[in-house]
Number of protein chains: 2
Amino acid sequence: MALVVQKYGGSSVADAEGVKRVARRIAETKRAGHDVVVVVSAMGDTTDELIDLAQQVTPMPPARELDMLLTSGERISMAVLAMAINNLGLEARSFTGSQAGVITDSAHGKARIIDVTPGRIRTALDEDAIAIVAGFQGVSQDTKDITTLGRGGSDTTAVALAAALKADVCEIYTDVDGVYTADPRIVPTARKIDRITSEEMLEMAANGAKILMLRCVEYARNYDLPIHVRSSFSHHEGTWVTDGPVPAHLTSNPQSSQEGTVEQPIIAGVAHDRSEAKITVVGVPDTPGTAAQIFEAVAEAEINIDMIVQNVSVAASGRTDVSFTLPKAEGQTAVAALDRVKAAIGFERLEYDDQIGKVSLIGVGMRSHPGVSAKFFKALGERKINMEMISTSEIRISVVTRADELDDAVRAVHSAFELDGEAEATVYGGTGR
Amino acid sequence: MALVVQKYGGSSVADAEGVKRVARRIAETKRAGHDVVVVVSAMGDTTDELIDLAQQVTPMPPARELDMLLTSGERISMAVLAMAINNLGLEARSFTGSQAGVITDSAHGKARIIDVTPGRIRTALDEDAIAIVAGFQGVSQDTKDITTLGRGGSDTTAVALAAALKADVCEIYTDVDGVYTADPRIVPTARKIDRITSEEMLEMAANGAKILMLRCVEYARNYDLPIHVRSSFSHHEGTWVTDGPVPAHLTSNPQSSQEGTVEQPIIAGVAHDRSEAKITVVGVPDTPGTAAQIFEAVAEAEINIDMIVQNVSVAASGRTDVSFTLPKAEGQTAVAALDRVKAAIGFERLEYDDQIGKVSLIGVGMRSHPGVSAKFFKALGERKINMEMISTSEIRISVVTRADELDDAVRAVHSAFELDGEAEATVYGGTGR
């Protein structure tokens, strides 16, 4: 018998039929002998509808009240889900984030979990009940106000609760079968990944893979918690995100339960990101400390930058160009922040470009396999795709391209590393980096 | 400066426009220099929609989960209302029943308030904020589960909170101008009552007047709290329910602020009720203790009975008939409970009649004025309306009629006691009981 935490997103519980389907699924898990804790998001478009309602009364809803409003969405879904499970003859009890002991800071709309004290959940499990918990929400430690965790918050709730309860697995149910080697909408031959390390999953998430949020993977990694990403619409085994063995009693795939197969695949997958823009600071005096001034100005505006490239200085002019990428949503803030220090730094002008895309290749096997970068660059070169910026980590290579060349770049890289699916698609060994 | 608790029902906040209108009204009160606490119901049909959703997943939703579901309705309305007030430049903070300190027993769906500990509301007021509180809900003392107070629960929340905060008034906003001498849909000439004693209002509520729930009036009476029933759609002075003086700084009608005008009106108004049925137990052995057995059986089924009539025993047979009225909704339960004790008690049969109506005349002045009953009965007699059951208290006369004669009965009584409106409609002195 295991302790299983399951998280169902809004699309899985979009209507009463969806709720009943999910309830049957939860009942199956319980009847298989497991303790079950369920984290659920708001039904379908509820959150958008609530935001729309707020905007009908004010253009600037106070963050505290917006959190109070939005958290009613999960309150509805969790109560209805508990009812549907009770209707199947099993006891289910719903709990708000506050009741479940999800303690956060006071940053409304983007609160961070400080602690999880799931005493009431534990009691429910001890009494053989299924616990249903509202995702995405908590209660602030200082003010006791209701908070929300921001985007992907329900996944974080599930992982944090699973960690606090020392669960055997956190199952994240979604509308696809798992994590793919690339977005199947761009690469129709993309293959479902059976197993991926947390390090690789972190890089995938950080570089545009939307299936799991970065903070949720970080949390699971810190607590050594296996995540199983799978579909609520099928019973297929999904993708295990874990650095240890897959719990044998929770998998139908005996191979995946063995710790460390002979050789790890070099490449996990290809991620892409269209959400970034590029700012180029043109004509920066090439003197020590100048680049630091630029990034201090950006950091003070609380903007997270991603890639940075500094061109080689043109000796005659004593000036250079500095480019960096950042979320498009923060582009205008960054431009304004830099404009304010233009005179002090003495650069010539700013160029803002939001027509970029980023393709990333990720895999822990790169560490020990030379030649991966060369193969990556060659794949793009053969398609005549220009690489505008390059950034690498030990287990990742990322390249910025024109936005309209991004899909082609993803397909080129996916194909070059033989990730395209068929029976034996998993890449063991290989040509190296 | 006064402390004013205002309660707005679902029809006042049915949509964003309604919410904004109510927000302006609250802002006016705050800007007039008062401290303001607002209790709000769910928007428009939200509660019905949530019940409908529950019924889509189960025919028998568990009471705990139904409460969890339904309380999301007030969570939405209170947050949106707080936003709308903030948009007018005043600070408003919303609080759930639990946050507002509304402590109840654990009877889900019909919880009773045990205590109110409004520490957070007091703090909000001290910080010059308007407090918005979810009506209809609380948290159970024992289980810490979310509860609902049942029908009319938001009024009770408002009155209980006003009592705990020692507010100067509890204003109940509704879609009519106040309490009328009779239902204006039946008696178009019915007159708005400027002021009514809590005792009279209790009898009005207990006998079918729907504008205020019985328990809310009881609560206010116990705490000597003035209630002001008024319309959220106009600025007219409404009806004051109070045994003491009307607070002079909260009324635009100086006459009503004087304690005890020269003479109280004899009659407050005419109430009617179509929600009851009549059960007649036919052929009951006329021996001591038999009637007690009948009502014990009904009481064990937790049914509240209203009027009781026992016919004079027919000497020859040694048997009598016992009739009583009760809520129609509990009729079948009562019939079943009595059927089970039929043999033990030895009565002949049961008759169930749900085609009855009840008309009641209420006024504290009856106490000291003989002749009121005679005039009441004469008014019905002149219209050839048969009186099936009669019940009286010190300040009330009630008569059961055929359901289809009820409207006529209400008009006859209203007219006989000269309650019909015009400038000088208030009845001082009079013909006596």
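Brief remarks follow.
- For region A:385-428, a residue qualifies if it is basic (Lys, Arg) and modelled with pLDDT of 95 or more, and the qualifying residues are A:Arg402, A:Arg411.
- Filter pass, A:Leu338 being out of contact with any Pro (no Cβ under 9 Å at 6 or more places or on another chain), of a type outside the set (D, E, K, R) and either open to solvent by 20 Å² or more (accessible area, probe 1.4 Å) or under 21 Å from A:Thr401 (Cβ atoms) (or both): no
- Test: residue in region B:361-369 that is at pLDDT 95 or above, buried (at least 20 other Cβ atoms within 10 Å of the Cβ), out of contact with any Lys or Arg (no Cβ under 9 Å at 6 or more places or on another chain) and over 29 Å from B:Ile303 (Cβ atoms): no
- Test: residue in region B:144-156 that is within 12 Å of chain A (Cβ to nearest Cβ), over 17 Å from the mean Cα position of the chain (by Cα) and among the charged types (D, E, K, R): yes
- Filter result for B:Thr392 (open to solvent by less than 10 Å² (accessible area, probe 1.4 Å) and not in a helix (DSSP H, G or I)): no
- So B:Ala209, is it small (Gly, Ala, Ser) and modelled with pLDDT of 95 or more: no
- Residue match in region A:352-360 (condition: at pLDDT 90 or above, of a type in the set (Asp, Glu) and open to solvent by 50 Å² or more (accessible area, probe 1.4 Å)): yes
- The set of residues in region A:55-87 that are of a type in the set (A, V, I, L, M), farther than 18 Å from A:Gln6 by Cα and more than 7 Å from every other protein chain (Cβ to nearest Cβ) comprises A:Met60, A:Ala63, A:Leu66, A:Leu70.
- For region A:244-263, the condition of being modelled with pLDDT of 90 or more and farther than 14 Å from A:Gly178 by Cβ holds for none of the residues.
- Residues of region B:64-90 that are closer than 30 Å to A:Glu91 by Cβ and out of contact with any strand residue (DSSP E or B) (no Cβ under 9 Å at 6 or more places or on another chain): B:Ser72, B:Ile76.
- Residue that is surrounded by the most Cβ atoms within 10 Å (Cβ to Cβ), among those in region A:3-45 that are among the hydroxyl-bearing types (Ser, Thr, Tyr) and at pLDDT below 95: A:Ser12
- Some residue of region B:14-35 being more than 28 Å from A:Ala16 (Cβ to Cβ), within 9 Å of chain A (Cβ to nearest Cβ) and among the small types (Gly, Ala, Ser): yes
- Within region B:43-54, the set of residues being within 10 Å of chain A (Cβ to nearest Cβ) and among the aliphatic types (A, V, I, L, M) comprises B:Met43, B:Leu50, B:Leu53, B:Ala54.
- Every pair of residues 6+ apart whose Cβ atoms lie under 6 Å, when the first sits in region A:384-408 and is touching a residue at least 60 places away in the same chain (Cβ under 8 Å) while the second is open to solvent by 30 Å² or more (accessible area, probe 1.4 Å) and among the hydrophobic types (A, V, I, L, M, F, W, C): A:Met389/A:Val309
- Qualifying residue in region A:145-165 (condition: modelled with pLDDT of 95 or more, among the basic types (Lys, Arg) and out of contact with any Pro (no Cβ under 6 Å at 6 or more places or on another chain)): no
- Residues in region B:93-122 that are within 8 Å of chain A (Cβ to nearest Cβ) and not hydroxyl-bearing (Ser, Thr, Tyr): B:Arg93, B:Gln99, B:Arg120.
The values are calculated or read from the model by the stated rules, or taken from the named source; none is laboratory data. Note that the structure is predicted; figures quoted are calculated from it, not measured. A quick note on method: Cβ atoms are made from the backbone with ideal geometry, for glycine too, and the neighbour counts reach across all protein chains shown. SASA here: full protein model, heavy atoms, side chains in, ligands and nucleic acids out. Shrake-Rupley method; radii C 1.70, N 1.55, O 1.52, S 1.80 Å.
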